[in-house]
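The values are calculated or read from the model by the stated rules, or taken from the named source; none is laboratory data. The structure displayed is predicted, hence computed values, not measured ones. Positions of Cβ are backbone-derived with ideal geometry, glycine not excepted, and every protein chain shown enters the neighbour counts.
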Amino acid sequence: MNTPEQSTLGKTSAYPDRYDPSLLFPIARAPKRAEIGIDAQPPFMGADLWTAYELSWLNLRGKPQVAIAQLVVPCESPNIIESKSLKLYLGSLSNTRYADAAEVLACLKTDLGQALWQVQGQAAGRVQGQAPRGVGLKLIAPEDFAGQRIADLEGLSLDRLDIECDHYSPAPELLAAAFGEQPVSEMLTSDLLKSNCLVTGQPDWGSVQITYSGPQIDQGGLLRYLVSFRNHTEFHEQCVERIFMDVWTRCKPTRLAVYARYTRRGGLDINPFRTSQPQALPPSVRTARQ
(Lines give C-alpha, C1' and ligand atoms only; values in the text may rest on other atoms or scores of the structure.)
Protein backbone atom coordinates (compact mmCIF):
# COMPACT_ATOMS: atom_id res chain seq x y z
CA MET A 1 0.00 0.00 0.00
CA ASN A 2 1.39 3.40 -0.97
CA THR A 3 1.94 5.87 1.87
CA PRO A 4 2.23 9.67 1.55
CA GLU A 5 5.84 9.51 2.75
CA GLN A 6 6.73 7.33 -0.26
CA SER A 7 5.50 9.97 -2.71
CA THR A 8 7.58 12.69 -4.38
CA LEU A 9 6.24 15.32 -1.95
CA GLY A 10 9.04 17.27 -0.29
CA LYS A 11 11.68 15.62 -2.48
CA THR A 12 13.77 16.90 -5.35
CA SER A 13 12.15 15.66 -8.53
CA ALA A 14 13.20 15.65 -12.16
CA TYR A 15 10.47 17.09 -14.36
CA PRO A 16 9.90 14.59 -17.19
CA ASP A 17 9.38 15.78 -20.74
CA ARG A 18 8.01 12.53 -22.11
CA TYR A 19 4.66 10.92 -21.40
CA ASP A 20 4.84 8.70 -18.30
CA PRO A 21 1.63 7.47 -16.61
CA SER A 22 3.68 5.64 -13.98
CA LEU A 23 4.29 9.02 -12.34
CA LEU A 24 0.76 8.97 -10.89
CA PHE A 25 0.92 8.05 -7.20
CA PRO A 26 -2.34 6.70 -5.72
CA ILE A 27 -2.89 6.77 -1.95
CA ALA A 28 -5.66 4.70 -0.36
CA ARG A 29 -8.46 6.63 1.33
CA ALA A 30 -9.21 3.86 3.85
CA PRO A 31 -6.47 4.43 6.50
CA LYS A 32 -7.36 8.09 7.09
CA ARG A 33 -11.07 7.28 7.05
CA ALA A 34 -10.49 4.67 9.74
CA GLU A 35 -8.98 7.40 11.92
CA ILE A 36 -12.32 9.26 11.92
CA GLY A 37 -14.44 6.18 12.55
CA ILE A 38 -15.25 5.10 9.00
CA ASP A 39 -14.51 1.38 8.63
CA ALA A 40 -17.16 0.50 6.05
CA GLN A 41 -19.63 2.56 4.02
CA PRO A 42 -19.23 6.29 4.75
CA PRO A 43 -22.33 8.30 5.69
CA PHE A 44 -21.61 10.63 2.78
CA MET A 45 -21.24 10.76 -0.98
CA GLY A 46 -19.73 13.37 -3.27
CA ALA A 47 -16.55 14.05 -5.18
CA ASP A 48 -13.26 15.92 -5.27
CA LEU A 49 -13.31 18.69 -7.87
CA TRP A 50 -9.84 19.40 -9.24
CA THR A 51 -8.76 22.19 -11.60
CA ALA A 52 -5.49 21.82 -13.49
CA TYR A 53 -4.28 25.10 -14.97
CA GLU A 54 -0.92 23.88 -16.31
CA LEU A 55 -1.88 21.48 -19.08
CA SER A 56 -0.09 21.54 -22.43
CA TRP A 57 0.83 19.15 -25.24
CA LEU A 58 1.99 19.27 -28.87
CA ASN A 59 -0.19 18.85 -31.93
CA LEU A 60 0.97 16.60 -34.76
CA ARG A 61 2.98 19.48 -36.26
CA GLY A 62 4.79 20.09 -32.98
CA LYS A 63 2.94 23.28 -32.05
CA PRO A 64 2.13 23.62 -28.32
CA GLN A 65 -1.49 23.49 -27.26
CA VAL A 66 -2.94 24.53 -23.89
CA ALA A 67 -6.13 23.90 -21.94
CA ILE A 68 -7.57 23.96 -18.44
CA ALA A 69 -8.64 20.54 -17.14
CA GLN A 70 -11.50 20.04 -14.69
CA LEU A 71 -11.53 16.68 -12.92
CA VAL A 72 -14.36 15.11 -10.93
CA VAL A 73 -13.03 12.30 -8.71
CA PRO A 74 -15.84 10.31 -7.04
CA CYS A 75 -15.30 9.96 -3.31
CA GLU A 76 -16.20 6.26 -3.73
CA SER A 77 -12.86 5.72 -5.48
CA PRO A 78 -10.56 3.69 -3.21
CA ASN A 79 -7.69 6.10 -3.86
CA ILE A 80 -6.79 9.74 -4.11
CA ILE A 81 -3.93 10.86 -6.33
CA GLU A 82 -1.10 12.70 -4.61
CA SER A 83 -1.09 16.19 -6.11
CA LYS A 84 2.61 16.55 -6.95
CA SER A 85 2.51 13.26 -8.83
CA LEU A 86 -0.43 14.58 -10.84
CA LYS A 87 1.53 17.74 -11.63
CA LEU A 88 4.52 15.67 -12.80
CA TYR A 89 2.25 13.41 -14.85
CA LEU A 90 0.55 16.35 -16.56
CA GLY A 91 3.98 17.86 -17.24
CA SER A 92 5.02 14.64 -18.96
CA LEU A 93 2.50 15.40 -21.69
CA SER A 94 4.19 18.68 -22.64
CA ASN A 95 6.42 17.25 -25.39
CA THR A 96 4.05 14.51 -26.47
CA ARG A 97 2.15 14.78 -29.77
CA TYR A 98 -1.59 14.20 -29.97
CA ALA A 99 -3.96 14.43 -32.91
CA ASP A 100 -6.41 16.64 -31.01
CA ALA A 101 -7.81 17.50 -27.58
CA ALA A 102 -10.11 14.47 -27.72
CA GLU A 103 -7.08 12.17 -27.82
CA VAL A 104 -5.59 13.97 -24.81
CA LEU A 105 -8.89 13.64 -22.97
CA ALA A 106 -9.05 9.89 -23.63
CA CYS A 107 -5.48 9.44 -22.43
CA LEU A 108 -6.14 11.34 -19.20
CA LYS A 109 -9.35 9.43 -18.48
CA THR A 110 -7.62 6.07 -18.91
CA ASP A 111 -4.56 6.86 -16.80
CA LEU A 112 -6.38 8.71 -14.00
CA GLY A 113 -9.15 6.13 -13.85
CA GLN A 114 -6.68 3.28 -13.44
CA ALA A 115 -4.78 5.07 -10.66
CA LEU A 116 -7.91 6.10 -8.75
CA TRP A 117 -9.71 2.77 -8.87
CA GLN A 118 -6.84 0.33 -8.55
CA VAL A 119 -7.01 -1.85 -5.43
CA GLN A 120 -4.13 -4.02 -4.27
CA GLY A 121 -4.77 -7.58 -5.42
CA GLN A 122 -7.53 -6.56 -7.84
CA ALA A 123 -7.55 -5.49 -11.46
CA ALA A 124 -7.11 -1.79 -12.02
CA GLY A 125 -10.43 -0.02 -12.30
CA ARG A 126 -12.43 -2.70 -10.44
CA VAL A 127 -13.65 -2.46 -6.86
CA GLN A 128 -15.24 -5.42 -5.05
CA GLY A 129 -16.81 -6.87 -8.17
CA GLN A 130 -18.11 -3.56 -9.50
CA ALA A 131 -17.78 -2.62 -13.14
CA PRO A 132 -14.75 -0.46 -13.92
CA ARG A 133 -15.25 3.13 -12.82
CA GLY A 134 -13.65 6.29 -14.11
CA VAL A 135 -13.16 9.97 -13.51
CA GLY A 136 -15.12 12.93 -14.83
CA LEU A 137 -12.96 15.10 -17.05
CA LYS A 138 -13.47 18.24 -19.11
CA LEU A 139 -10.95 20.27 -21.11
CA ILE A 140 -11.55 24.01 -21.45
CA ALA A 141 -10.01 25.45 -24.61
CA PRO A 142 -8.33 28.90 -24.76
CA GLU A 143 -11.26 30.40 -26.67
CA ASP A 144 -13.42 29.62 -23.62
CA PHE A 145 -11.04 30.98 -20.94
CA ALA A 146 -12.85 34.32 -20.77
CA GLY A 147 -16.04 32.55 -19.74
CA GLN A 148 -14.52 31.16 -16.53
CA ARG A 149 -16.29 32.83 -13.59
CA ILE A 150 -15.04 33.93 -10.19
CA ALA A 151 -17.51 33.89 -7.29
CA ASP A 152 -17.40 33.61 -3.51
CA LEU A 153 -19.13 30.71 -1.80
CA GLU A 154 -22.77 31.47 -1.04
CA GLY A 155 -24.01 31.58 2.53
CA LEU A 156 -23.92 33.53 5.78
CA SER A 157 -20.31 34.30 6.71
CA LEU A 158 -19.20 33.03 10.09
CA ASP A 159 -16.21 35.37 9.83
CA ARG A 160 -18.43 38.28 10.85
CA LEU A 161 -18.36 36.96 14.44
CA ASP A 162 -15.97 38.69 16.85
CA ILE A 163 -14.75 35.67 18.77
CA GLU A 164 -11.67 34.59 20.70
CA CYS A 165 -9.79 31.61 19.27
CA ASP A 166 -7.27 29.51 21.19
CA HIS A 167 -7.47 26.03 19.61
CA TYR A 168 -5.25 25.31 16.59
CA SER A 169 -5.59 21.54 16.40
CA PRO A 170 -8.97 19.98 15.54
CA ALA A 171 -11.25 20.38 18.55
CA PRO A 172 -14.64 18.77 17.81
CA GLU A 173 -15.68 19.45 21.41
CA LEU A 174 -16.19 23.08 20.33
CA LEU A 175 -19.21 22.00 18.26
CA ALA A 176 -22.65 22.33 19.84
CA ALA A 177 -26.26 22.45 18.66
CA ALA A 178 -29.63 23.47 20.12
CA PHE A 179 -31.21 20.02 20.32
CA GLY A 180 -34.23 21.20 22.31
CA GLU A 181 -35.28 23.91 19.87
CA GLN A 182 -36.98 24.07 16.48
CA PRO A 183 -34.79 22.69 13.68
CA VAL A 184 -33.44 25.09 11.04
CA SER A 185 -31.84 25.03 7.60
CA GLU A 186 -28.71 27.13 7.11
CA MET A 187 -25.85 27.69 4.70
CA LEU A 188 -22.73 28.97 6.50
CA THR A 189 -19.34 29.92 5.10
CA SER A 190 -15.86 30.85 6.26
CA ASP A 191 -12.66 31.93 4.54
CA LEU A 192 -10.57 31.13 7.63
CA LEU A 193 -9.91 27.46 6.93
CA LYS A 194 -6.20 26.60 6.97
CA SER A 195 -4.45 23.29 7.36
CA ASN A 196 -1.03 21.97 6.41
CA CYS A 197 0.24 19.38 3.94
CA LEU A 198 0.49 15.95 5.55
CA VAL A 199 4.06 15.45 4.29
CA THR A 200 5.71 18.83 3.69
CA GLY A 201 3.92 20.93 6.30
CA GLN A 202 3.28 23.66 3.72
CA PRO A 203 0.14 25.72 4.39
CA ASP A 204 -3.11 24.94 2.60
CA TRP A 205 -5.54 27.88 2.50
CA GLY A 206 -9.22 27.36 1.88
CA SER A 207 -12.80 28.54 2.10
CA VAL A 208 -15.54 26.24 3.37
CA GLN A 209 -19.32 26.10 3.01
CA ILE A 210 -21.48 24.08 5.43
CA THR A 211 -25.12 23.50 4.51
CA TYR A 212 -27.37 21.62 6.89
CA SER A 213 -30.86 21.00 8.24
CA GLY A 214 -31.50 20.01 11.84
CA PRO A 215 -30.74 21.37 15.32
CA GLN A 216 -29.27 24.85 14.97
CA ILE A 217 -25.48 24.71 15.21
CA ASP A 218 -23.81 27.22 17.49
CA GLN A 219 -22.10 29.51 14.98
CA GLY A 220 -19.37 30.75 17.29
CA GLY A 221 -18.42 27.20 18.22
CA LEU A 222 -18.46 26.17 14.56
CA LEU A 223 -16.12 29.00 13.60
CA ARG A 224 -13.74 28.17 16.46
CA TYR A 225 -13.81 24.56 15.31
CA LEU A 226 -12.92 25.49 11.72
CA VAL A 227 -10.09 27.73 12.97
CA SER A 228 -8.79 24.80 15.05
CA PHE A 229 -7.54 23.14 11.84
CA ARG A 230 -4.88 25.86 11.55
CA ASN A 231 -1.92 23.68 12.61
CA HIS A 232 -3.43 20.36 11.53
CA THR A 233 -1.64 18.20 8.93
CA GLU A 234 -3.87 16.31 6.48
CA PHE A 235 -4.65 16.37 2.79
CA HIS A 236 -7.60 18.49 1.62
CA GLU A 237 -9.92 15.53 1.08
CA GLN A 238 -9.17 14.18 4.55
CA CYS A 239 -9.81 17.53 6.26
CA VAL A 240 -13.22 17.89 4.63
CA GLU A 241 -14.22 14.35 5.60
CA ARG A 242 -13.07 15.02 9.17
CA ILE A 243 -15.18 18.19 9.28
CA PHE A 244 -18.18 16.32 7.90
CA MET A 245 -17.88 13.49 10.43
CA ASP A 246 -17.37 15.81 13.41
CA VAL A 247 -20.41 17.94 12.54
CA TRP A 248 -22.47 14.84 11.66
CA THR A 249 -21.77 13.06 14.94
CA ARG A 250 -21.69 16.06 17.31
CA CYS A 251 -24.52 18.20 15.92
CA LYS A 252 -26.68 15.42 14.44
CA PRO A 253 -28.16 17.24 11.44
CA THR A 254 -30.71 15.44 9.30
CA ARG A 255 -28.96 16.70 6.16
CA LEU A 256 -25.39 17.92 5.79
CA ALA A 257 -23.07 19.05 3.00
CA VAL A 258 -19.50 20.28 3.40
CA TYR A 259 -17.70 21.93 0.47
CA ALA A 260 -14.22 23.43 0.57
CA ARG A 261 -12.30 25.30 -2.11
CA TYR A 262 -8.55 25.43 -1.54
CA THR A 263 -6.10 27.79 -3.19
CA ARG A 264 -3.96 26.25 -5.88
CA ARG A 265 -0.45 24.87 -5.54
CA GLY A 266 1.61 23.74 -8.50
CA GLY A 267 -1.11 24.81 -10.91
CA LEU A 268 -3.73 22.61 -9.18
CA ASP A 269 -6.61 23.35 -6.87
CA ILE A 270 -8.53 20.62 -4.99
CA ASN A 271 -12.11 21.19 -3.86
CA PRO A 272 -13.73 18.33 -1.94
CA PHE A 273 -17.52 18.08 -1.60
CA ARG A 274 -19.28 15.66 0.77
CA THR A 275 -23.05 15.36 1.27
CA SER A 276 -25.34 13.10 3.26
CA GLN A 277 -28.05 13.20 0.57
CA PRO A 278 -27.94 12.67 -3.19
CA GLN A 279 -27.67 16.02 -4.93
CA ALA A 280 -25.97 17.67 -7.86
CA LEU A 281 -22.33 18.59 -7.44
CA PRO A 282 -21.67 22.29 -6.95
CA PRO A 283 -20.49 24.13 -10.07
CA SER A 284 -16.70 24.26 -10.23
CA VAL A 285 -16.42 28.05 -9.96
CA ARG A 286 -13.20 29.38 -8.45
CA THR A 287 -13.14 31.91 -5.66
CA ALA A 288 -11.16 35.17 -5.83
CA ARG A 289 -8.26 33.60 -3.93
CA GLN A 290 -8.05 30.75 -6.41
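Counting only residues that are of a type in the set (A, V, I, L, M, F, W, C) and under 15 Å from Arg264 (Cα atoms), which one in the stretch 54-87 is nearest to the chain's Cα centre (by Cα)?
First, pick out the residues of the stretch 54-87 that are of a type in the set (A, V, I, L, M, F, W, C): 55, 57-58, 60, 66-69, 71-73, 75, 80-81, 86.
Next, only the ones that are under 15 Å from Arg264 (Cα atoms) stay: 55, 68-69, 71, 86.
On the way: Leu55: 19, Ile68: 17, Ala69: 15, Leu71: 10, Leu86: 13 Å.
Looking at the filtered set, the residue picked out is Leu71.
Confirm whether Leu116 is modelled with pLDDT of 95 or more, touching a Ser or Thr at 6+ places or on another chain (Cβ under 6 Å) and among the hydrophobic types (A, V, I, L, M, F, W, C). Full working, then the answer.
Numbers: modelled with pLDDT of 95 or more: yes; touching a Ser or Thr at 6+ places or on another chain (Cβ under 6 Å): yes; among the hydrophobic types (A, V, I, L, M, F, W, C): yes.
Yes; evaluated as a whole, the condition is true for this residue.
In the stretch 195-204, is there at least one residue being at pLDDT 95 or above, charged (D, E, K, R) and more than 23 Å from Pro26 (Cα to Cα)? Break it down into steps so the answer makes sense when it comes.
Going residue by residue through the stretch 195-204, those that are at pLDDT 95 or above are 195-196, 203-204.
Subset that is charged (D, E, K, R): 204.
Restricting the remaining residues to those that are more than 23 Å from Pro26 (Cα to Cα) gives none.
Within the stretch 195-204, not a single residue is at pLDDT 95 or above, charged (D, E, K, R) and more than 23 Å from Pro26 (Cα to Cα).
If a residue has to be of a type in the set (Val, Ile, Thr) and surrounded by 18 or more Cβ atoms within 10 Å (Cβ to Cβ) to count, how many in the stretch 79-116 make the cut?
The first filter runs over the stretch 79-116 and keeps only residues of a type in the set (Val, Ile, Thr), leaving 80-81, 96, 104, 110.
Going one step further and asking which of them are surrounded by 18 or more Cβ atoms within 10 Å (Cβ to Cβ), we end up with 80-81, 104.
Qualifying residue count for the region: 3.
Name, by its number, the condition in (1) farther than 22 Å from Ser284 by Cα; (2) surrounded by fewer than 22 Cβ atoms within 10 Å (Cβ to Cβ); (3) within 18 Å of the chain's Cα centre (by Cα) that does not hold for Arg250.
Among (1) farther than 22 Å from Ser284 by Cα; (2) surrounded by fewer than 22 Cβ atoms within 10 Å (Cβ to Cβ); (3) within 18 Å of the chain's Cα centre (by Cα), the lone unmet condition for Arg250 is (3).
Could you please tell me which pairs satisfy a Cβ distance under 6 Å, a separation of 6+ or placement on different chains, a first residue in the stretch 207-229 that is over 15 Å from Pro253 (Cα atoms), and a second residue that is among the hydroxyl-bearing types (Ser, Thr, Tyr) and assigned to a helix (DSSP H, G or I)?
No pair meets every condition.
Mind counting the residues in the stretch 195-223 that are touching a Lys or Arg at 6+ places or on another chain (Cβ under 8 Å), of a type in the set (Gly, Ala, Ser) and either more than 30 Å from Gly267 (Cβ to Cβ) or in the same structural domain as Arg29 (by TED's automatic domain parsing) (or both)?
Selection size over the stretch 195-223: 2.
Does the stretch 42-62 contain any residue that is at pLDDT 95 or above, more than 27 Å from Lys138 (Cα to Cα) and out of contact with any Asp or Glu (no Cβ under 7 Å at 6 or more places or on another chain)? Let's see the steps before the verdict.
Within the stretch 42-62, the first condition is being at pLDDT 95 or above, and the residues that meet it are 42-62.
Next, from what is left, pick out any that are more than 27 Å from Lys138 (Cα to Cα): 42-43.
Keeping just the survivors that are out of contact with any Asp or Glu (no Cβ under 7 Å at 6 or more places or on another chain) gives 42-43.
There is at least one residue in the stretch 42-62 that is at pLDDT 95 or above, more than 27 Å from Lys138 (Cα to Cα) and out of contact with any Asp or Glu (no Cβ under 7 Å at 6 or more places or on another chain).
Does Pro183 satisfy being more than 18 Å from the chain's Cα centre (by Cα), closer than 22 Å to Leu71 by Cβ and at pLDDT 95 or above?
On the way: more than 18 Å from the chain's Cα centre (by Cα): yes; closer than 22 Å to Leu71 by Cβ: no; at pLDDT 95 or above: yes.
Criteria not met by Pro183.
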